[in-house]
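Visitor: Let me begin by handing over the structure; questions about it come next.
The values are calculated or read from the model by the stated rules, or taken from the named source; none is laboratory data. Just so you know, these numbers come straight off a predicted model, no measurement behind them. Positions of Cβ are backbone-derived with ideal geometry, glycine not excepted, and every protein chain shown enters the neighbour counts.
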Amino acid sequence: HSVKHSPVQSPDFRILLEWFAGEFNNFEQYTTDTYAKEKLAKEIVPHKHVHSIFAPVSLDILGSHVFHVQQTNGTNLQQIYRIRLYAFSENAENGDFEMRIFKYPSSKEYFDVHKSPQKLAQLTLEQLEDTGVIILWKKSGNKFKASAKGGEFSFYSDFFKQKITIKDDITLSKDGIWILDDI
């Protein structure tokens, strides 16, 4: 499956792509949760400290709007949580913007590939795994809201060593991204 090659038509789609690109870190959320648990004895499970890079890359086999996504431990940036390719299209159902998620043949081999993007030119569509996950984005006021098509998606988690189902609730603004994964 290939994402359509098309120029950006919608001003909202242009804004979505612009806001999505960047580095994000939930240090404030992580420290607030940790403080609440340790010092205030609140019964919470603190969020993990996550550092995310969403870097636009050129990879025509997936379309015109592709991002290298790299999520690592916020304290140890060499500890990888997830490395993926996200391909965006504005030609989705109901006027939503669509984001498809693809896996690299080997995550570790593509760590920091956004700094050496020529390595991506060697990839073929057959080497990538289409996870089947489709995230639908919709403009909502001065933000974008997103969730999985169909409300949820399932996959085998190397971390949990089992199949898990996730319900996403994602909000993107010009100031940041908030991702709530309900497992």
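Visitor: State all residues of the stretch 124-164 that are at pLDDT below 85, hydroxyl-bearing (Ser, Thr, Tyr) and within 20 Å of Val50 (Cβ to Cβ); if no residue qualifies, say none.
Guide: Ser157
Visitor: Hey, another quick one. Looking only at residues that are assigned to a strand (DSSP E or B) and not aliphatic (A, V, I, L, M) in the stretch 25-67, which one is modelled with the lowest pLDDT?
Guide: Asn25
Visitor: Give me a count of the residues in the stretch 163-177 that are in contact with a Lys or Arg (Cβ under 7 Å, 6 or more places away or on another chain) and loosely packed, with under 14 Cβ neighbours inside 10 Å.
Guide: 1
Visitor: For the stretch 68-114, how many residues are at pLDDT 85 or above, outside any strand (DSSP E or B) and under 19 Å from Gly22 (Cα atoms)?
Guide: So the answer is 5.
Visitor: Between a first residue in the stretch 111-132 that is under 30 Å from Thr165 (Cα atoms) and a second residue that is among the acidic types (Asp, Glu) and at pLDDT below 95, which pairs have beta carbons less than 7 Å apart while being 6 or more apart in sequence or on different chains?
Guide: none
Visitor: Here is a check on your reading of the model: is Val8 modelled with pLDDT of 75 or more and in contact with a Leu (Cβ under 8 Å, 6 or more places away or on another chain)?
Guide: Considered against the rule, which asks whether it is modelled with pLDDT of 75 or more and in contact with a Leu (Cβ under 8 Å, 6 or more places away or on another chain), Val8 comes out as no.
Visitor: Of the residues Ile170, Ile179, which single one is on the phi < 0 side of the Ramachandran plot, assigned to a strand (DSSP E or B) and modelled with pLDDT under 80?
Guide: Unique residue meeting the criteria: Ile179.
Visitor: A follow-up question, please. Would you confirm whether any residue within the stretch 66-81 is touching a residue at least 12 places away in the same chain (Cβ under 8 Å), over 19 Å from Phe24 (Cβ atoms), touching a Lys or Arg at 6+ places or on another chain (Cβ under 8 Å) and crowded, with 17+ Cβ neighbours inside 10 Å?
Guide: Within the stretch 66-81, none of the residues are touching a residue at least 12 places away in the same chain (Cβ under 8 Å), over 19 Å from Phe24 (Cβ atoms), touching a Lys or Arg at 6+ places or on another chain (Cβ under 8 Å) and crowded, with 17+ Cβ neighbours inside 10 Å.
Visitor: Taking the stretch 115-135, which residues are within 15 Å of the chain's Cα centre (by Cα) and surrounded by 18 or more Cβ atoms within 10 Å (Cβ to Cβ)?
Guide: Residues satisfying the conditions are Val133, Ile134, Ile135.
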